[in-house]
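Inspection log for the structure reproduced underneath, given as structure tokens.
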Amino acid sequence: MKNNIKKALSLVSALTVSAVSMMSIIPAYAEKDTATEVTKFPYTIEGEDLDGATLWTSIYENQMPDYSGEGFAYLTSDALTFKVTVPEDGMYQVTVRGAQILSEEGRLQTIAINGVEYSKTVPYYNKWTDIDFGVVRLKAGENEISFLNKYGYMAIDTVTVSDAVFPDVTKAVDVPCDPEATPETKSLMKYLHSVYGKGILSGQQEIYGGGHSVSTDIRYDAGSDKCVDGKGNEYVIDRDSEAVDKDGNKFYWHCSDDKRTYTYDEQNRSYKYDDYDQEFDYLKETAGYYPAIRGLDLMNYNPLYGWDDGSTERAIDWVKNRNGIITASWHINLPTDFENYELGEAVDWSQCSYKNNPQFKIANAVKEGTKENDYLNLAIEDLAEQLLKLQENNVPIMFRPFHEAEGNGGVDGSGAWFWWAQDGAKDYKELWKYLYNKLTGEYGLHNIIWLQNLYAWSDESAEWYVGDDYVDIVGFDKYDTVYNRHDGLTSGPNEDCNSNVYWSLVNYVKNNKMAAVMENSTIPSLANMTVEKATWLYFCTWYDNGQDNFISGDNYNNPETVKELISSDYCINLEQLPENLYSFAGDDDDTPKTTTTTGKTTGTDTTTTTTATGTTKPAPDETVKGDANVDGELSLADAVLIMQSLANPDEEKYKLTEQGAENADVVNKGDGITNMDALAIQVIQIELLSPEDLPITSEELNKIIG
Ligand code: CA
């Protein structure tokens, strides 16, 4: 039982974001070892005082004057380590006053936070310099911070850990970079901005091309001349599609019901269909909602093997009939044998690729009169035709061309895996601008919100950013279940929210643009995003391809975590988008969210739980016992809020509403809000007490806890 209580307490601690120690609130149940003194921040330790350090006063013959303390540490063999103790999960800045005089080109250094490693390149510094080792997450209790000797040879004069300070991300612009953007595009941008920093939009990429082929048990019965399924349901036969199989039996290629058209499968002698909605239906079934954003790819409209896979039609349907948001990538291919390719010639898809192609010079692609330029213009023409259909239907699109350009890192394109980035950042940026000018200028397309993927492998990653005048939203593609894990696990879903990447991207664009997870395998968890304050605008999970089932595979996503996020008020889904999404006027007509699961904010509107969209979910029951935040449910968030309200009596955001205070007073009813009320709610969470037993006396509660 004690263990259960400890577990519940540590969980609360993980969710609490105020600067108050749980244990100080409920001293009666504090664990003994929490007597460890909490570190006071900013905390600075001399390099020479780190565990594993020896005292250096010069680097061999190189004098390093002006050090603090007795001298400094030099990372040459053992790891250099120190410990800090924090009251609860939170984000902290690590800064090293250091020097690095071995490698002119910079030297990779590795910091480990409780054993989880992060690397950064430290430039050549022959004078003591404050080196930013990033914002890291420390867990409640003692944390070990180490500098590992991998490449080493970094001198450390001091290390400072301080409370992380976050910029106000809502300062990002809320107007498209295209000054001639259509009214719908401007409205969508305004709406996205109204959400940014407060919640996350859910998104899902659809399968491209042929879709998921789904077999049915619909058969053509020659005797009755009908198409029927196993349950006896009848289907409408397309009489024009009559055919005869190799055994001389008559059949029809197509039959339909009010949902779709089915196509005859000669092998199985039954009917099948192409399903583009499998992932969307999965989310609805698993988490209760459809995603707000539908991702698709416009690669199939191309001059080589192009065909209409219905992407444009589905985009229009999603926006016009479902009131959703569309984003598209563009995996545009090149003919593999570009030298011998004849412009305009059809090429089998197997002879095409989006991979690097040394026969195709990116610098030429933007130069009139070159073969590369002629091909690019053809590809843009096919793309523009589809974008124009969207524009004619008043459909804006969040378009993400030339994505993942940096690849595995390097400004010269050496880490690139897509042709558009192979020749490095400089040529890439010209290519982007060419596309931008062509679409907005020549084709008059102003229904585009321009998305650019960026990575954050090094400080040079920002070199790939095309610029504020050509980009609306920057993003990151999160594939970290196999590589680049920082969650301490070795396999399975990685629910990391990549807050370090988030803050790098925000920094690259000087906080002028919003940032999103534009593709992902594992969806970041709600808890990680709220603790680490990684306020990504949206996520967009890649589709299930049979081999990698990014959304439904339990190696990529844990259905419970997905459900927790998607069904939370923090997440905005298709059903919660405002009716006026495409005529949205701005933040003024937007009602902020009233609840988040961190318990950070209280409900100010006691009749409905209002999402950031201005639409309303059904009004919750306001009178649930223990429901301090009046979200209609008794949860751990209520206990957290009660404790925060007690610990921060002057802070408006933690104040309970009248109804909340009435609900929260569950122990010794009538004595007002005390720590015992929070404790009772936690005890309910670990199922030692039932909500029906409320209210309860403090004697009864103490008896249960023992
Ligand atoms: Ca020192």
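The values are calculated or read from the model by the stated rules, or taken from the named source; none is laboratory data. It should be emphasised that the depicted structure is a prediction, and the values quoted were computed from it without experimental measurement. In this analysis, Cβ positions are derived from the backbone assuming ideal geometry, glycine residues included, and neighbour counts consider all displayed protein chains.
Conditions (1) buried (at least 22 other Cβ atoms within 10 Å of the Cβ); (2) of a type in the set (A, V, I, L, M, F, W, C); (3) in contact (Cβ under 8 Å) with a residue 40 or more places away in the chain; (4) within 21 Å of Phe539 (Cβ to Cβ), marked per residue:
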| residue | (1), (2), (3), (4) |
| --- | --- |
| Gly441 | no, no, no, no |
| His446 | no, no, yes, no |
| Ile449 | yes, yes, yes, yes |
| Glu460 | no, no, yes, no |
| Lys478 | yes, no, yes, yes |
| Asp487 | no, no, yes, yes |
| Asn498 | yes, no, no, yes |
| Leu505 | yes, yes, yes, yes |
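For Asp178, the test of being within 28 Å of Ala534 (Cα to Cα), at pLDDT 95 or above and within 16 Å of the ligand (Cβ to nearest atom) is failed. Entry remark, region 514-525: residues being surrounded by 24 or more Cβ atoms within 10 Å (Cβ to Cβ) and either touching a Leu at 6+ places or on another chain (Cβ under 9 Å) or on the phi > 0 side of the Ramachandran plot (or both) number 7 in total. Regarding region 270-285, can at least one residue be identified that is free of Cβ contacts under 8 Å to residues at least 12 places away in the same chain and exposed (fewer than 14 other Cβ atoms within 10 Å of the Cβ)? Checked against the condition, which is being free of Cβ contacts under 8 Å to residues at least 12 places away in the same chain and exposed (fewer than 14 other Cβ atoms within 10 Å of the Cβ), region 270-285 yields at least one hit. Mind checking which residues of region 413-446 are in a helix (DSSP H, G or I) and among the small types (Gly, Ala, Ser)? Across region 413-446, the qualifying residues are Ala421, Ala425, Gly441. Taking region 662-700 as the range and being assigned to a helix (DSSP H, G or I), farther than 21 Å from Asn629 by Cβ and in contact with a strand residue (DSSP E or B) (Cβ under 9 Å, 6 or more places away or on another chain) as the test, the residues that pass are Ser698, Glu700. The set of residues in region 95-112 that are more than 16 Å from the ligand (Cβ to nearest atom), under 37 Å from the mean Cα position of the chain (by Cα) and aliphatic (A, V, I, L, M) comprises Leu108, Ile111, Ala112.
The requirement of being within 16 Å of the ligand (Cβ to nearest atom), modelled with pLDDT of 50 or more and on the phi < 0 side of the Ramachandran plot is satisfied by Glu48.
Does Lys32 satisfy the condition of being away from the ligand (no atom under 16 Å from the Cβ), modelled with pLDDT of 95 or more, loosely packed, with under 15 Cβ neighbours inside 10 Å and within 30 Å of Asn675 (Cβ to Cβ)? When the stated conditions are applied, Lys32 does not pass them.
Of all the numbered requirements in (1) loosely packed, with under 14 Cβ neighbours inside 10 Å; (2) of a type outside the set (A, V, I, L, M, F, W, C); (3) in a helix (DSSP H, G or I); (4) under 36 Å from the mean Cα position of the chain (by Cα), Asp240 misses one, and that requirement is (4).
Pairing each residue of region 42-56 that is more than 13 Å from Phe147 (Cβ to Cβ) and in a loop (DSSP other than H, G, I, E, B) with any residue that is among the charged types (D, E, K, R) and more than 9 Å from the ligand (Cβ to nearest atom), provided the two are 6+ apart or on different chains, yields C-beta distances under 9 Å for Pro42/Asp163; Thr54/Asp78. Is there a residue being outside any loop (DSSP other than H, G, I, E, B), among the aliphatic types (A, V, I, L, M) and either out of contact with any Lys or Arg (no Cβ under 6 Å at 6 or more places or on another chain) or touching a residue at least 24 places away in the same chain (Cβ under 8 Å) (or both) anywhere in region 530-541? Looking for residues that are outside any loop (DSSP other than H, G, I, E, B), among the aliphatic types (A, V, I, L, M) and either out of contact with any Lys or Arg (no Cβ under 6 Å at 6 or more places or on another chain) or touching a residue at least 24 places away in the same chain (Cβ under 8 Å) (or both), one finds at least one in region 530-541, hence yes. How many residues are β-branched (Val, Ile, Thr) and in a loop (DSSP other than H, G, I, E, B) when one looks only at region 95-129? Counting residues in region 95-129 that are β-branched (Val, Ile, Thr) and in a loop (DSSP other than H, G, I, E, B) gives 1.
Taking into account only those residues within region 212-229 that are surrounded by 17 or more Cβ atoms within 10 Å (Cβ to Cβ) and touching a Gly at 6+ places or on another chain (Cβ under 9 Å), which is modelled with the lowest pLDDT? Within region 212-229, the match that is modelled with the lowest pLDDT is His212.
If we keep just the residues of region 165-211 that are more than 17 Å from the chain's Cα centre (by Cα) and among the aliphatic types (A, V, I, L, M), which is surrounded by the most Cβ atoms within 10 Å (Cβ to Cβ)? Among those that are more than 17 Å from the chain's Cα centre (by Cα) and among the aliphatic types (A, V, I, L, M), it is Leu188. Taken over region 60-93, the criterion of being crowded, with 19+ Cβ neighbours inside 10 Å and within 16 Å of the ligand (Cβ to nearest atom) is satisfied by Met64, Tyr67, Gly71, Phe72, Ala73, Tyr74, Leu75, Leu80, Phe82.
Kindly check whether there is at least one residue in region 130-138 that is within 16 Å of the ligand (Cβ to nearest atom), touching a Lys or Arg at 6+ places or on another chain (Cβ under 8 Å) and either charged (D, E, K, R) or not in a loop (DSSP other than H, G, I, E, B) (or both). Yes; the residues of region 130-138 include at least one that is within 16 Å of the ligand (Cβ to nearest atom), touching a Lys or Arg at 6+ places or on another chain (Cβ under 8 Å) and either charged (D, E, K, R) or not in a loop (DSSP other than H, G, I, E, B) (or both).
Collect the residues in region 289-318 that are outside any helix (DSSP H, G or I), of a type in the set (Gly, Ala, Ser) and either buried (at least 21 other Cβ atoms within 10 Å of the Cβ) or in contact with a helix residue (DSSP H, G or I) (Cβ under 7 Å, 6 or more places away or on another chain) (or both), keeping them in residue-number order.
Step one: list which residues in region 289-318 are outside any helix (DSSP H, G or I), which gives 289-310.
Subsequent filtering for residues that are of a type in the set (Gly, Ala, Ser) retains 292, 295, 306, 310.
Those that are outside any helix (DSSP H, G or I), of a type in the set (Gly, Ala, Ser) and either buried (at least 21 other Cβ atoms within 10 Å of the Cβ) or in contact with a helix residue (DSSP H, G or I) (Cβ under 7 Å, 6 or more places away or on another chain) (or both): Ala292, Gly295, Gly306.
When residues in region 153-172 are screened for being within 16 Å of the ligand (Cβ to nearest atom), of a type in the set (S, T, N, Q) and within 16 Å of Val86 (Cβ to Cβ), 1 of them pass. For first residues located in region 151-168 and over 20 Å from Gly69 (Cβ atoms) and assigned to a loop (DSSP other than H, G, I, E, B), partners that are hydroxyl-bearing (Ser, Thr, Tyr) and away from the ligand (no atom under 15 Å from the Cβ) and lie 6+ apart or on another chain with Cβ distances below 7 Å form the pairs Gly152/Thr76; Tyr153/Thr76; Ala164/Tyr92.
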